[in-house]
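See below for the structure under consideration.
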Amino acid sequence: MTDPIKTVEELFRRWSREKITAIEPLPESGSYRRYFRIKHANGSVLGVYNSDRRENEAFLYLGTRLQSAGNRVPHVFTADLDQHVYLEEDLGNTTLFDHLGTLRNKACSDEEILAIYRKVIDSMPGLQVRSAHNLDYSMCYPRSEFDVQSMMWDMNYFKYCLLKPLKIGFFEQDLEDDFATIVKWLIEADRSSFMFRDFQSRNIMLHNSDLYFIDFQGGRKGPLQYDLASLLFEAKTHLPEEIRQELLRYYVEVFSKNFSWFNPGEFMNYYYGFVYLRLMQAMGAYGFRGYIERKPVFLQSLPYAVKTLTWLMENKPIPLALKSLPGVFEELTGLPQVKVYEVKKDIFTVTINSFAYKNGIPQDHTGNGGGFVFDCRCLENPGRYDEYKNLTGRDQAVIDFLTGKPDAEQFMSHAFTMVRQAADVYAARGFTHLMVSFGCTGGQHRSVYMAENLAGYLRNNSTANVVVIHHELEKKK
């Protein structure tokens, strides 16, 4: 069986003479690709492992075409398609989704949100139109065009991965007839541009004050409307309707100025139809990841999607005579379990301890007999330096001291990967608790630093309730 870490490491060693200081697995997302941050003395690159060769070929081809048309996408340094790996530019960790969270935490104004989205829309003529010139769509994956079959795939994804698991009743033939009616309508829209396909906030990176676009391997020939619908009606960003309307107006204005052939009326004739189509595809994805693959974090987006669907039904109903779908939508939006999805904090809890070895390893009182214990004494001790003696692993000076040290980074990478794997499996199997303990000499610097970092990592990448106990710091209180 192929080891993705070893494979990306071997590719890096063939490509560069730089000494690797750490390889850090990045959190998994909605795809089956695996990402690794390969760190070296002069920076870092991302190693990507994906066993689907045709998808890799599409990504490499489209990346070259998008970049040559002036779009900001990650540069690919080298690839080994036989081993299913490639190395690409590391754009950091800040997505548009993360940036929006920061803005909202600061109680930002609507104008600040509008400003960043306008910047995204300003990039869309280059992405959707200019990159389409002489593009060989036969290289696209899994379809060269967003055609009848692609649209039916999206709606059947919704049917089989959301409606079926939720046991929503429908007459199969009537629903299939409705799908065919919708496709017959939307297939009339102009589909001569490049459709990014998954144009959402987690696929837009902020790097060096610029916007970069990632995960375009599913791109193909298609309608302009679909990408805008993906951006403005993304479930978890849940943009207020006033902001969506202003950004829709701005998009029409930008394209009208850039392209004489752009027809606002024609664009709007099909726009909300593609909003419905994209929303069904997204809800199908949430159902597949949440109900079928049993990854409950994806179900957190479902209530937002249902609220959006409710708004669409009330304000922008599908202008077609449909037999079954309106009733299906009514039943779906009325289900209590999709209106509010709260990860039940008492279902699975991870308790993270920091402790001093001289006082013993913390006891597990949950009946599970203990969990992970990591010995941080192998790391350089800030407590040996006078300027850090009275500080803790929560203080910025200590954080700065440990952050970026190769041994600490490697320790963190291995420990966090093991804990995340266990947490995901235990939660899926219905376990209630996992304990993780970090020990060092005084229980004040290294162990506290690791415990705090793991807590932040799990809160961002799992649905677990996270409890942190700093045993030595509590005693001092």
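The values are calculated or read from the model by the stated rules, or taken from the named source; none is laboratory data. Being a predicted model, the structure only gives us computed values, none of them experimental. Glycine also receives a Cβ, built like all others from the backbone with ideal geometry; neighbour counts cover every protein chain displayed.
In segment 48-73, the residues that are over 20 Å from residue 143 (Cβ atoms) and in contact (Cβ under 8 Å) with a residue 60 or more places away in the chain form Cβ pairs under 6 Å with partners that are surrounded by fewer than 20 Cβ atoms within 10 Å (Cβ to Cβ) and small (Gly, Ala, Ser), at six or more places apart or across chains, as follows: 70/126; 71/126. Listed here are the helices (runs of 4 or more DSSP H) enclosed by segment 387-462 that have at least 2 residues being among the small types (Gly, Ala, Ser) and touching a residue at least 40 places away in the same chain (Cβ under 8 Å): 406-428, 446-461.
Number of residues in segment 180-212 that are among the aromatic types (Phe, Trp, Tyr) and buried (at least 22 other Cβ atoms within 10 Å of the Cβ): the value is 3. Please go through (1) in the same structural domain as residue 208 (by TED's automatic domain parsing); (2) closer than 30 Å to residue 34 by Cβ; (3) surrounded by 17 or more Cβ atoms within 10 Å (Cβ to Cβ); (4) out of contact with any Pro (no Cβ under 7 Å at 6 or more places or on another chain) for residue 137 and return the number of the only condition it doesn't satisfy. In the conditions (1) in the same structural domain as residue 208 (by TED's automatic domain parsing); (2) closer than 30 Å to residue 34 by Cβ; (3) surrounded by 17 or more Cβ atoms within 10 Å (Cβ to Cβ); (4) out of contact with any Pro (no Cβ under 7 Å at 6 or more places or on another chain), residue 137 misses (3) alone. Quick check, is residue 460 in contact with a Lys or Arg (Cβ under 8 Å, 6 or more places away or on another chain), farther than 21 Å from residue 358 by Cβ and either surrounded by fewer than 21 Cβ atoms within 10 Å (Cβ to Cβ) or not assigned by TED's automatic domain parsing to the domain that holds residue 41 (or both)? So residue 460 does not fit the description; no. Any residue at all in segment 110-118 that is crowded, with 18+ Cβ neighbours inside 10 Å and over 17 Å from residue 247 (Cα atoms)? Scanning segment 110-118, I find no residue that is crowded, with 18+ Cβ neighbours inside 10 Å and over 17 Å from residue 247 (Cα atoms), so the answer is no. Among residues of segment 80-109 being touching a residue at least 60 places away in the same chain (Cβ under 8 Å), of a type in the set (A, V, I, L, M, F, W, C) and under 24 Å from residue 15 (Cβ atoms), the one that is surrounded by the fewest Cβ atoms within 10 Å (Cβ to Cβ) is 91. Among the candidates 328, 338, the residue that is part of a helix (DSSP H, G or I), hydrophobic (A, V, I, L, M, F, W, C), under 21 Å from residue 239 (Cβ atoms) and out of contact with any Lys or Arg (no Cβ under 7 Å at 6 or more places or on another chain) is uniquely 338.
Among residues of segment 245-260 that are in contact (Cβ under 8 Å) with a residue 40 or more places away in the chain and surrounded by 12 or more Cβ atoms within 10 Å (Cβ to Cβ), those with a beta-carbon under 6 Å from a residue that is among the hydroxyl-bearing types (Ser, Thr, Tyr) and part of a helix (DSSP H, G or I) at least six positions away or on a different chain give the pairs 247/117.
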